[in-house]
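Read the structure below first, then the notes.
Here, each number is a calculation from the coordinates, and none is a lab measurement. Keep in mind that this is a model prediction, so the values were computed, not measured. In this analysis, Cβ positions are derived from the backbone assuming ideal geometry, glycine residues included, and neighbour counts consider all displayed protein chains.
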Amino acid sequence: MEHIDAVFFAPQGTDAVRVRATLPLSGARKRLRATLYAELLDRGTKHKTRTEFAAALDSIGARLAVSADRFGITIDGAALSATLPQFLSLVSEMLREPAFSSREMSRVHRQYLQALHDEADDARTVAYGAFARLVYPTTHPCWKPTVAERRDFLKSVTQKTYRDFHKDLLAGRAVVSVSGTARAQNAALALFSSLTKGGKDETVGNKPPSSFANASKDGGLSAFTPVPSKTNIETFLGAPLALTLTDEQCLPFQFGLAVLGKWGGFSGRLMSQVREKMGLTYGIYARAEGAEKTRTGAWYIFTFFTPKDFANGLAATKREIEKIVRAGITHKELIRFKELLHNQFILAHESDQKKLALYHDALCAGLTPAEVAAEYEKIRLLTQKQINAALKAHLNPHTLALSAAGPITPNGKPIE
């Protein structure tokens with residue numbers, strides 16, 4: 001089945017079958033449609049209303065969710081082995097005969113407009129959206145259209161828009177992951193193989209710009225969005241990252257970025273210095289995102305400051321970036337973070353759901369389970385020299401994109 005990428009796991013002693021399938025897509029306008037389509041797809045078929053379809057799922061104790069993510073449209077579900085045939089039959093009905101009724105379409109559009117209205121008051125989402133527009137090309141899955149662009153696009157959406165989108169989606173390939181018995185795996189694979197046609201994959205690698213367009217005199221870009229109802233300034237600071245997942249320096253860079261600001265907990269330098277020592281924020285973390293086997297992404301630091309601490313907090317954050325680029329990580333940090341990241345990998349296998357999510361997302365990004373396991377094995381062999389060289393090459397403290405939203409003026413002055 002050449003048009004299906006699949007990964008299978010035996011369940012860890014349970015009778016539940018978990019199925020996760022992604023139908024990839026590319027293109028900015030397709031992604032605008034994807035969010036709406038994902039909301040509408042499971043709201044009834046030609047033979048069942050939205051209520052009847054939900055009742056049919058409930059009657060077999062199954063779970064089904066449809067979402068739009070950076071990879072495409074993802075269908076995530078779970079059922080007991082005994083009711084898997086009924087569950088897959090409902091998934092088949094949803095994909096083969098979606099209703100796209102005018103009534104449900106109107107509901108989805110009203111809810112979408114309300115969500116866009118609410119988003120304007122969500123400083124963190126506003127700040128991230130502006131940051132994504134600074135660092136990603138419009139062809140990248142992580143690029144975010146503005147609220148105004150999405151509102152204008154909604155005006156052009158008709159039932160035909162959904163039907164055409166659905167047809168194009170099933171004409172492509174699929175990524176399918178299953179945690180269940182061999183029989184369950186074969187049944188799920190057969191379903192998605194029969195539904196999709198495996199047309200040409202439009203996904204292409206997107207190298208980020210080597211420097212920012214319209215850069216300011218200090219080499220970076222900034223976006224300041226007033227959200228006056230908030231008390232904190234939500235802040236994203238980072239840059240495009242010219243590394244794919246299989247580039248030699250990708251793993252050492254990610255390791256060094258974890259030392260700087262590991263996501264979650266208190267282990268990163270930024271939490272130690274900017275929060276604990278200086279008391280300028282309650283949380284500050286760093287991460288790389290958006291990279292795939294043939295596509296590059298970006299890295300960023302996320303935090304928030306009160307208006308009175310914004311300037312000092314930003315300066316302290318930049319000092320920590322400059323310090324880790326100049327002096328690198330310590331031997332003690334190398335040993336400690338090797339253990340932390342190894343433990344994180346083990347914990348990702350503690351449940352069928354977590355394990356499936358880990359390897360499914362990796363497969364969508366172009367990596368097989370064997371390649372993922374090999375990457376974590378390589379962590380044991382990383383050296384300070386490799387990590388520090390990757391940080392020097394790709395963490396430029398003088399060319400940064402800054403996006404802030406909250407009590408701040410459009411020219412970047414905090415409102416106290």
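What is the set of long-range amide H partners of ALA401 at a cut-off below 5 Å, with H atoms built 1.01 Å from backbone N?
Amide H neighbours of ALA401, under 5 Å, 5+ apart: LEU221, GLY238, ALA239.
Please give the length that would be gained between LYS378 and LYS160 if that part of the chain were fully extended, namely 0.36 nm times their separation in residues minus their C-alpha to C-alpha distance (nm, one decimal).
Gain on stretching LYS378 to LYS160: 73.6 nm.
Given springs between every Cα pair under 10 Å in a Gaussian network model of the chain, which of THR14, THR83, THR49 has the largest fluctuation?
Maximum among the listed residues: THR14.
Please give the length that would be gained between ALA190 and THR306 if that part of the chain were fully extended, namely 0.36 nm times their separation in residues minus their C-alpha to C-alpha distance (nm, one decimal).
36.3 nm
Tell me, what is the FRET efficiency for ARG107 and HIS342 to the nearest 0.05, using R0 = 51 angstrom and their Cβ-Cβ distance as r?
0.60
Under the 0.36 nm per residue contour assumption, what length would be gained going from the current alpha-carbon distance of LEU116 and ARG326 to full extension?
71.4 nm
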